[in-house]
Amino acid sequence: AIFATGEDGRVTYWNSGAERVLGWSEAEIVGQSIDVIFTPEDLATNAPAREIVTARTEGRAADERWHLRKDGSRVWASGSLMVMRDQRGEVAGYVKILRDQTAAREAHDALESSRQDLLEALEENKIARAEVEAASHAKDKFLAVLSHELRTPLTPILMAVGALEHLPDTPPLVSEALQMIRRNIGLEARFIDDLLDVTKITRGQLEIVREETDLHEVLDHAAAIVRSDLDERGQKLDLQLEARNVVLTGDRHRLQQVFWNLLKNASKFSPDQATIHLSSLNEDHSVAVRVRDSGFGIEPAELDRIFDPFTQENRDPGRKAGGLGLGLAIAKATIDAHGGTLRAESDGPGHGSSFIVTLPLNPEDSPRD
Ligand code: ADP
């Protein structure tokens, strides 16, 4: 759009571009004050007058603003206002060139508003995440403090019961009661120890002793501990420890706990008289141990989930055997901390399960390729 006004601000020239952009025809607008194309806001702040001052002092004034069309709608335009002078150098009027930028402006506004929406959504998301993290942190802390407070009184009780059991001439009724107390407190202590371990794992504070460890010795110990559970159910343990290189750096007590857990689960989730297989093999620079049962099996969808804390498949018949659903979570964290892997395999319910642990060997003990 190109148009001109006199010194008094009345329109003297109006081209077809101006008619297209602003709506008025030349005949309608010539002689009228140019103020009609300014918005009430700009008029209130004297924007047109300021533009004229700039143009007079600097020869030219550039601006970008909303203008009013004849129908009252708005057009975003960038413009340039120049002074026209007569032969004597006196101001004779002004000429203005406007470029309609409404489409670009609207696209820019839409972009800005969606950017704003996105920023707000991100901010809300950040706040929500921080709240979840704070709640989870509070829960972890609560569990840690609770487990610690629950565990502390059990040690002196266990010691006192142990001492009482050694007293001579204890009547059988008292001996039996003492045994029952020791068994149950021992069970409770183990649950709480598991809870403590899980809280340590979530806080990244699981301590691992690093010492030279013979994995077959660890497996033998774990098997010895689980033996009474197996005997009770008439179950058998088939050992095929074929790995030749089994020395690694690790925490033998924690590793023993892992394999004891896997063997105990294999027994717990298998019928009476079942056979449980424990085998070892060397792979490249590592040793793989497999605990295989032909018991109740695991749904494919559960194979990864069972390693999450407190996860248990409620419907399985092993449920009556109790447990907190922490054993596998602790086992996995322990094996991870040793740089190894623990995974489960099962062809589904009724087809048994295998748990496979791989652990890296000490470099000098790695089998030669
Ligand atoms: P818990 O034994 O205390 O329930 P775990 O973390 O040791 O906790 O095991 C989690 C779940 O994984 C068990 O409740 C069971 O559903 C499943 N599971 C573990 N071992 C076996 C197995 N050998 N056979 C079938 N299901 C198993």
Self-check item: The listed residue being touching a residue at least 60 places away in the same chain (Cβ under 8 Å), acidic (Asp, Glu) and at negative phi, out of Asp214, Asp220, Asp194
Solution: Asp194
Self-check item: Given (1) within 19 Å of Thr334 (Cβ to Cβ); (2) within 11 Å of the ligand (Cβ to nearest atom); (3) touching a Lys or Arg at 6+ places or on another chain (Cβ under 8 Å); (4) in a strand (DSSP E or B), number of the condition Thr311 does not satisfy
Solution: (4)
Quiz item: Among Ser280, Ser270, which is the only one that is small (Gly, Ala, Ser) and either in contact with a Pro (Cβ under 6 Å, 6 or more places away or on another chain) or not in a loop (DSSP other than H, G, I, E, B) (or both)?
Solution: Ser280
Self-check item: Residues satisfying the stated conditions in region 4-16, i.e. touching an Asp or Glu at 6+ places or on another chain (Cβ under 9 Å) and either in a strand (DSSP E or B) or modelled with pLDDT of 95 or more (or both)
Solution: Val11, Tyr13, Trp14, Asn15, Ser16
Quiz prompt | Criterion (of a type outside the set (Phe, Trp, Tyr), within 11 Å of the ligand (Cβ to nearest atom), surrounded by fewer than 18 Cβ atoms within 10 Å (Cβ to Cβ) and modelled with pLDDT under 95) met by exactly one of Ala301, Ala321 | solution = Ala321
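Per-residue answers, yes or no, for (1) in contact with a helix residue (DSSP H, G or I) (Cβ under 6 Å, 6 or more places away or on another chain); (2) modelled with pLDDT of 90 or more; (3) over 30 Å from Asn245 (Cβ atoms):
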residue: Ala266; (1), (2), (3): no, yes, no
residue: Asp272; (1), (2), (3): no, yes, yes
residue: Leu281; (1), (2), (3): no, yes, no
residue: Ser286; (1), (2), (3): no, yes, no
residue: Val291; (1), (2), (3): yes, yes, no
residue: Arg305; (1), (2), (3): no, yes, yes
residue: Pro309; (1), (2), (3): yes, no, yes
residue: Gly327; (1), (2), (3): yes, yes, no
residue: Ala331; (1), (2), (3): yes, yes, no
Exercise. Could you list, in sequence order, all residues of region 65-106 that are surrounded by fewer than 12 Cβ atoms within 10 Å (Cβ to Cβ) and within 21 Å of Arg20 (Cα to Cα)?
Key: Asp71, Gly72, Ser73, Ala103, Glu106
Quiz item: Within region 32-77, which residues are among the charged types (D, E, K, R), in contact with a strand residue (DSSP E or B) (Cβ under 7 Å, 6 or more places away or on another chain) and under 20 Å from Asp8 (Cα atoms)?
Solution: Asp42, Glu51, Arg56, Arg60
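The values are calculated or read from the model by the stated rules, or taken from the named source; none is laboratory data. Model, not experiment: these values are computed from the prediction. Don't worry about glycine lacking a Cβ; one is built from the backbone with ideal geometry, like all the others, and counts go over all protein chains shown.
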